[in-house]
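Rule-based calculations on the coordinates, nothing more; no lab input. Quick caveat: nothing in here was measured; it's all calculated off a predicted structure.
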Amino acid sequence: MSLTPPPGLASSHTSASARHRIIELDHVHRMARALTSDHQCQPAEGQSADGALIGNMHLQEAQPGLFMRLNRVRKRADLMIRSRIEPSLKIAVVWRGEPEVSFGPRCHALKPGRALCIALDEPTEFRLNSPKGAHEHSAILTLTPAWLKWHLNVSRASEVMSHMRHLAHFHWWPSPRLLERLDTFSRQRPTSPAQRLGIESLALEMISECLAAGPAQTGAGERHPPRETADWKETLEDWIHNGEVAYQSQAEIAARLGMSVRQLQRRYRDAYGQTMTQDLRRRQLVRAAHLLQDRNVTVEAAAEMAGYRSAANFATAFRRQFGVPPSQRTVIDNGAV
């Protein structure tokens, strides 16, 4: 069963005009009521609600009790969003923008490529302050208690966590493939059976990656570093090849490897003969070049997967590395990259 957006809600198309459709706040209220109560979405005092949101947004019940919401929006006013969320497991992935959300007393800064999974065992107040001009490309999965019981045989959301308590959470790093699929589906409105099935498969892929990355490997909300520091190079190579390093700072990488930033930088230079910053930038550009050439992703998507917040900065770095702009990716020789 799917929840079709109310009449007038912005639909997703690939044309430029469709990407800038106005999303009326009344339609946002209607969609939110499927999963929340006491929902409020208001512009800051003195700002108009007309055209406060532009872009694409839709919600689908991928399976009974499993809801996927895809947002591809820009805020044209300072928005204050508040609601009361029913018990559920929430999984949020952001690939553009840095929204700060609060569940109960806890605030979480969501960053591109760094996802959040949080257990809500009781009704919880949710808050989000979105500044004017902010972009948000995100996917939010809601796993209701009924879905969790039927599919995972757990009675409460926190039972999938290492610490079984309300508001238990962990962060994880989605694969580039998942981010690419989310970006693609966020541009569409699922109107055909094939598209709705695609959303269902996407939701299940998101759950699978999240649970595989989280409970078995997390303690107090984050992944543990490798057991043996000597394994750092092999572990880091895995993260480079699957794209995780594009979404992490050197401090985050070092912490996950169980060493200081200075230690990591020294060991990297000794192992690879180059500074970590320069070599990782080169590797990410090489990876982006292959994505552009072999998988025909958009320049914007390749920029985000390479860790660039600006497609213009990505294009400049790409031209400096390869001597051609990303739009001429087909002329890049495999030996050059």
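Expressed as a fraction of 2.2 N^0.38 Å, the rule-of-thumb size for a compact globular protein of N residues, what is the C-alpha radius of gyration of the stretch 19-92?
1.15
Short version: ³J(HN,Hα) in whole Hz for each residue of the stretch 73-84, in order, from phi by Karplus 6.51 cos²θ - 1.76 cosθ + 1.60 (θ = phi - 60°), x for Gly and Pro, what are they?
Those phi angles translate into 9, 10, 8, 10, 8, 6, 10, 10, 10, 8, 7, 10 Hz.
With equal scatterers on the alpha carbons only and no solvent term, can you work out the Debye log10 of I(q)/I(0) for the stretch 253-300 at 0.21, 0.22 1/Å?
The calculated log intensity ratios at q = 0.21, 0.22 Å⁻¹ are -0.74, -0.76.
Give me the number: length gained by fully extending T184 to S162, i.e. 0.36 nm times residue separation minus the C-alpha to C-alpha distance, one decimal in nm.
Between T184 and S162, full extension yields 4.7 nm more.
Considering the convex hull of the alpha carbon atoms of the stretch 86-169, report its projected area averaged over all viewing directions, in nm², one decimal.
Across all orientations, the stretch 86-169 yields a mean hull projection of 5.5 nm².
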